[in-house]
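Following: one structure in structure tokens, then a few remarks.
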Amino acid sequence: MSSIASAWPALASEGRHLIQDALIAIRNHLGMEVAYLSEFVGDRSVFRYVDAPGLEHMIKPGDSLPLADVYCTHILEGRLPELIPDTASEPVAMALPITRNVPIGAHASLPIRLPDGSAFGMFCCLSPRPNPSLNHRDLETMRVFAGLAAKQVNAELEAHRQGHARRAALDAVMQGSNFSVVFQPIMDLARLVLVSCEALCRFNPQPYRSPDKWFQDAAEAGLAVDLELMVMETALAGLDSLPDPVTLSINASPATILSGRLEEALVSRHLPRTVLELTEHAMVPDYAELQRMLAPLKRRGLKIAADDAGAGYSGLQHLIQLQPDIIKMDMSLTRSLDADPARRALASAMTYYARETGAILIAEGIETEAELATLRALGVGRGQGYLLGRPAPLAALIGTPLAAAA
Ligand code: C2E
Ligand code: MG
Ligand code: MG
């Protein structure tokens with residue numbers, strides 16, 4: 001059997017196992033030697049999944065056969081039945097050389113259908129010997145397994161199509177720098193004055209997707225660092241318009257910091273009024289290396305913020321290892337903390353931790369007066385959220401009362 005280039009996206013491991021398990025189960029149930037799932041590619045049938053213990057030299061994934069030589073088209077067009085307990089009783093099968101050459105004594109095959117009804121390929125079992133005991137019930141059992149396999153195939157094809165479309169959209173965005181940066185105020189909660197603002201990216205293509213989704217797409221395409229640095233350059237330009245002593249917070253992933261390209265991107269920047277936010281959502285594979293990369297930037301005045309603190313899986317370890325200058329308490333802890341003693345206790349603990357480690361605490365996502373009042377009462381120094389100001393173009397921040405210069 002010849003091999004042809006794979007047009008088939010490699011299935012995620014869960015889907016791969018499910019199809020393989022379905023082939024094993026039906027092959028054992030029917031007592032046959034070979035089970036496979038094939039795809040029609042041009043005028044060939046390509047084996048994508050195969051279960052044929054001991055016969056791997058004869059049939060393996062990637063092998064293919066001309067459609068003209070096999071049963072598939074005859075089954076799809078009704079010249080051969082889906083279930084053939086004994087090929088000797090089917091003249092169309094006997095006329096095909098493959099029946100004698102393999103040989104094929106018993107055969108059961110069902111189409112894997114795409115959503116438009118067309119056949120993607122076949123879900124098939126065969127044996128070199130006839131098996132007169134095979135009956136309608138066996139075929140119906142096989143139909144259940146073929147249905148499961150078809151569901152996996154269609155889900156994977158759809159995911160592949162969506163991934164393709166997202167990649168094309170990402171390439172277009174990056175080529176045309178089709179994004180803008182908005183700025184959200186960070187306020188001193190006691191005096192309600194502007195002390196900082198966070199640069200947040202907005203990608204222009206419609207329908208709107210939040211920036212973390214675009215960064216996730218970029219990460220999957222291996223372009224996360226390029227995109228982050230591109231956005232960062234636009235965000236950093238905002239610092240020129242911010243009056244001293246207001247600082248600018250920019251977001252970065254561990255991957256960008258560990259890439260070693262951050263220092264180069266910040267080489268001509270004035271860093272004492274710049275904060276780098278590192279989310280707790282992304283895993284840091286090596287904190288020592290991260291600190292090594294950040295050290296020269298910190299020496300130039302860059303401050304480090306632990307973003308989304310209290311939301312990620314690395315939790316307190318992240319805070320201990322990162323040793324941030326600023327801790328941004330995740331909005332899931334801010335939400336309704338006025339009515340929730342557990343959240344209040346955690347916010348209070350964070351206030352204590354920040355004070356003991358010399359860090360500034362910022363509560364994220366403040367939406368109500370009650371949340372604001374409670375945070376103030378707990379001694380949380382700074383806050384950010386829709387109540388205090390939504391992310392907006394820089395011009396919208398002008399006029400916000402400022403903290404006096406140090
Ligand atoms: P983040 O850094 O934690 O940013 C805070 C997010 O909370 C922003 O969402 C902001 O619009 C939203 N937010 C602020 N106040 C409130 C509030 O009171 N209520 C609610 N419900 N939400 C509030 P956004 O802009 O959609 O950004 C989501 C995430 O995407 C950011 O989380 C950050 O991780 C990432 N991101 C955004 N811009 C950039 C960027 O320029 N570079 C990088 N690397 N990541 C970015
Ligand atoms: Mg942030
Ligand atoms: Mg955050």
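With θ taken as phi - 60° and the coefficients 6.51, -1.76 and 1.60, list the Karplus ³J(HN,Hα) couplings across the stretch 193-199 in order, rounded to whole Hz; mark glycine and proline as x.
Listing the rounded values in order: 10, 6, 10, 7, 8, 9, 7 Hz.
Once fully extended, how much extra length lies between residue 60 and residue 21, figured as 0.36 nm per residue of separation less the alpha-carbon to alpha-carbon distance?
12.4 nm
If I take R0 = 41 Å and measure r between the Cβ atoms of residue 240 and residue 287 in this structure, what FRET efficiency does the formula 1/(1 + (r/R0)^6) give, to the nearest 0.05?
Once the sixth-power term is evaluated, E becomes 0.80.
Can you list, bin by bin at 20 Å, the percent of alpha carbon pairs in the chain, starting at 0?
All Cα pairs considered, the percentages come to 23, 34, 24, 18, 2.
So between residue 390 and residue 255, what do we pick up on full extension, going 0.36 nm a residue minus the alpha carbon distance?
45.8 nm
May I ask what percent, to the nearest 5, of DSSP beta bridges between residues of the chain are antiparallel?
If we restrict to bridges inside the chain, about 65 percent are antiparallel.
Would you kindly state how much longer the chain becomes between residue 177 and residue 208 on full extension, computed as 0.36 nm times their sequence separation minus their alpha carbon distance, in nm to one decimal?
Using 0.36 nm per residue and subtracting the Cα-Cα distance, I get 9.6 nm.
Using a 10 angstrom Cβ neighbour count of at most 13 plus a DSSP loop assignment to flag exposed chymotrypsin sites (Phe, Trp or Tyr not before Pro), which longest range of the chain is free of such sites?
The segment 1-207 is the longest one with no such site.
So, R0 is 30 Å and r is the distance between the beta-carbons of residue 68 and residue 157; what FRET efficiency does that work out to, to 0.05?
That gives a FRET efficiency of 0.75.
Say the dipole of the stretch 177-405 comes from +1 at the beta carbon of Lys and Arg and -1 at that of Asp and Glu; which of 315, 221, 235 then lies farthest toward its positive end?
235
What residues have an amide H closer than 5 Å to that of residue 363, excluding those fewer than 5 places away on the same chain, when H is modeled at 1.01 Å from N in the peptide plane?
Amide H to amide H, under 5 Å and 5 or more residues apart or across chains, residue 363 pairs with 329, 382, 383, 384.
Apply 1/(1 + (r/R0)^6) to the Cβ-Cβ distance of residue 267 and residue 191, taking R0 = 35 Å, and write down the FRET efficiency to the nearest 0.05.
0.50
Can you list the residues, at least 5 places off or on another chain, whose amide H is less than 5 Å from the amide H of residue 45, using H built in the peptide plane?
65, 67
For the stretch 299-304, what does the Karplus curve 6.51 cos²θ - 1.76 cosθ + 1.60, with θ = phi - 60°, yield as ³J(HN,Hα) per residue in whole Hz, taken in order and with x for Gly and Pro?
Result, ordered by residue: 4, 7, x, 4, 9, 10 Hz.
Rg over Rh of the stretch 2-162, using C-alpha atoms and the Kirkwood radius, what does it come to?
My calculation puts Rg/Rh at 0.94.
Antiparallel versus total DSSP beta bridges in the stretch 181-300: what percent is that, nearest 5?
DSSP beta bridges in the stretch 181-300 are roughly 50 percent antiparallel.
Can you check what the net charge comes to around residue 59, using other residues whose Cβ is under 11 Å from the Cβ of residue 59 (Lys, Arg +1; Asp, Glu -1)?
Result for the neighbourhood of residue 59: -3.
Test of understanding: extend the Cα→C-beta vector of residue 316 to 7 Å, then name every residue of the stretch 326-351 with backbone N under 11 Å from that spot.
Hits in the stretch 326-351 for residue 316 at 11 Å: 350.
Provide the per-residue ³J(HN,Hα) series for the stretch 126-135, in order, calculated from phi with Karplus coefficients 6.51, -1.76, 1.60 and θ = phi - 60°, each as a whole number of Hz, with x at glycine and proline positions.
My calculation for the stretch 126-135 gives 8, 9, x, 10, x, 9, x, 6, 5, 9 Hz in order.
Quick one: putting +1 on the C-beta of Lys and Arg, -1 on the C-beta of Asp and Glu, what dipole do you get for the chain around its Cα centre, in Debye to the nearest 20?
It comes to approximately 460 debye.
Taking H as built 1.01 Å from N, whose amide H comes closer than 5 Å to the amide H of residue 279, not counting residues under 5 places away?
Amide H neighbours of residue 279: 252, 307.
So what are the three principal axis dimensions of the stretch 182-308 from its Cα atoms, in whole Å, longest to shortest?
Dimensions of the stretch 182-308 along the principal axes of its Cα atoms: 43, 40, 27 Å.
Per 5 Å bin, what percent of the C-alpha pairs of the stretch 88-224 does each bin hold, from zero upward?
Reading upward from the zero bin: 2, 7, 11, 11, 9, 8, 8, 7, 6, 6, 6, 6, 4, 3, 2, 2, 1, 1, 0.
Every number here is computed from the coordinates shown, using simple stated rules; none is lab data. It should be emphasised that the depicted structure is a prediction, and the values quoted were computed from it without experimental measurement. Cβ sites come from the backbone with ideal geometry, for glycine too, and all protein chains shown count toward neighbours.
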